[in-house]
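Below: the structure, in structure tokens.
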Amino acid sequence: MSALPRTLAGGAALLCLLGSVALSARIAATRAAAGTDGDRAPSGGLLAQISRRPAFAFGFRNFMADVVWLEAVQVSATRRLKRSDFDRLYALLTTVANFDPRFDVPYIVGGLILGQSPAHAGEALSLLERGRTQYPGDWRFPFYIGYTHYFCLGNPREGGLAMADASRLPESPEYLPRLASRMLSEGHDPATAISLLTAMLEGETDEARREILVQRLREVVVERDIQTLERAVGEYRRRTGGLPAALSDLVRAGLTDGIPREPNGGRYVLLPGGAVGSDRTTQRLKVFRKP
């Protein structure tokens, strides 16, 4: 066969492949929209199957990685991710890594986003560990592994150990040894978490990652404030034998200098039984509740 027919045949094969990829993606999207996949983790479609045998990519591995990455970006941009969205995102990011293992961004972004779902913390760590294998000298991977252990799994010891690993790598921030030490010694302490998140934000330039960290920082600040106010309520009860009628009573009793500003634009309220809550945040962070 001459060079021209071979070229035409190769082009036709590529067009067929891309057509099949597009059809596979459309079928997967339709099934997801219809909810036919249930709670079963998606297989990722044709591209996922090809990625497991990269030789079948016919030299288009980077191109296919980019195609799947664009879809992963669309999934991650969903305002409120459902379990099926997290499943789909993990399948897509795994496919990207199969095609292009040296593409570092999906490992970190995927680890952060998947870590928002307690049910997917294992997948978050799997992606980050895979990135760490590819980049053993990059401090960011053990750093985000430590973040996932601490914030998502509530395991300060593993988080501190990973942070300590990160601190020993070249170009790691100077604050890492101190943070690792605090995580290992103080554990479930919102103050430690706020120090960690503040330091992370100072060195983070990617807007997507910054948005995730800012939201997590607000959640931790709310938990810190609630714990502080609940301690004041307990002291009020010890002194007076009863509960305050409102949080402002704590200020009048000299138990707190003022009611903290709720970082989400809401306010803190006194709940039945002496508990304190936020009118903007309905779920507290269990990670920072003393075991």
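The values are calculated or read from the model by the stated rules, or taken from the named source; none is laboratory data. Just so we're clear, the structure is a prediction, and the values are computed from it rather than from any experiment. Here the Cβ positions follow ideal geometry from the backbone for every residue, glycine too, while neighbour counts run over all protein chains shown.
Residues of segment 89-127 that are among the acidic types (Asp, Glu) and over 13 Å from the mean Cα position of the chain (by Cα): ASP100, ASP104. I'd like to know if segment 206-222 contains one or more residues that are in contact with a Ser or Thr (Cβ under 7 Å, 6 or more places away or on another chain), surrounded by 16 or more Cβ atoms within 10 Å (Cβ to Cβ) and farther than 29 Å from PRO156 by Cα. Looking through segment 206-222, none of the residues is in contact with a Ser or Thr (Cβ under 7 Å, 6 or more places away or on another chain), surrounded by 16 or more Cβ atoms within 10 Å (Cβ to Cβ) and farther than 29 Å from PRO156 by Cα.
The residues of segment 69-105 that are surrounded by fewer than 19 Cβ atoms within 10 Å (Cβ to Cβ), part of a helix (DSSP H, G or I) and acidic (Asp, Glu) amount to a single one, ASP85.
Just one of the listed residues (LEU128, LEU169, LEU112) is in contact (Cβ under 8 Å) with a residue 40 or more places away in the chain, hydrophobic (A, V, I, L, M, F, W, C), more than 17 Å from THR192 (Cα to Cα) and out of contact with any Cys (no Cβ under 9 Å at 6 or more places or on another chain), namely LEU112.
Give me the residue from segment 59-68 that is in a helix (DSSP H, G or I) and not small (Gly, Ala, Ser) and, out of that set, modelled with the lowest pLDDT. Break it down into steps so the answer makes sense when it comes.
Start the filter on segment 59-68 by keeping residues that are in a helix (DSSP H, G or I), which leaves 61-68.
Adding the requirement that they be not small (Gly, Ala, Ser) leaves 61-64, 66-68.
On the way: ARG61: 79, ASN62: 82, PHE63: 84, MET64: 82, ASP66: 88, VAL67: 88, VAL68: 90.
The extreme case among them is ARG61.
Within segment 172-191, residues that are of a type in the set (Gly, Ala, Ser) sit with their Cβ atoms under 9 Å from residues that are at pLDDT below 80, at 6+ positions apart or across chains, in these pairs: SER185/THR192; GLY187/LYS290; GLY187/PRO291; ALA191/ARG182.
Given the residues GLY277, GLY273, which is the only one that is assigned to a helix (DSSP H, G or I) and at pLDDT below 95? Sole residue among the options that is assigned to a helix (DSSP H, G or I) and at pLDDT below 95: GLY273. Here THR240 clears all of (1) farther than 18 Å from PHE143 by Cβ; (2) among the β-branched types (Val, Ile, Thr); (3) surrounded by 12 or more Cβ atoms within 10 Å (Cβ to Cβ) except the condition numbered (3).
Among the residues in segment 245-259, are any of a type in the set (Gly, Ala, Ser), under 23 Å from ARG140 (Cα atoms) and surrounded by 13 or more Cβ atoms within 10 Å (Cβ to Cβ)? Working first, answer last.
Taking segment 245-259 first, the residues of a type in the set (Gly, Ala, Ser) are 245-246, 248, 253-254, 258.
Still in the running and under 23 Å from ARG140 (Cα atoms): none.
Scanning segment 245-259, I find no residue that is of a type in the set (Gly, Ala, Ser), under 23 Å from ARG140 (Cα atoms) and surrounded by 13 or more Cβ atoms within 10 Å (Cβ to Cβ), so the answer is no.
Residues that are of a type in the set (S, T, N, Q) and not in a helix (DSSP H, G or I) were ranked within segment 152-173; the one that is modelled with the lowest pLDDT is ASN155.
From the list PRO291, PRO263, the one residue that fits, being part of a loop (DSSP other than H, G, I, E, B) and either modelled with pLDDT of 85 or more or touching a strand residue (DSSP E or B) at 6+ places or on another chain (Cβ under 8 Å) (or both), is PRO263.
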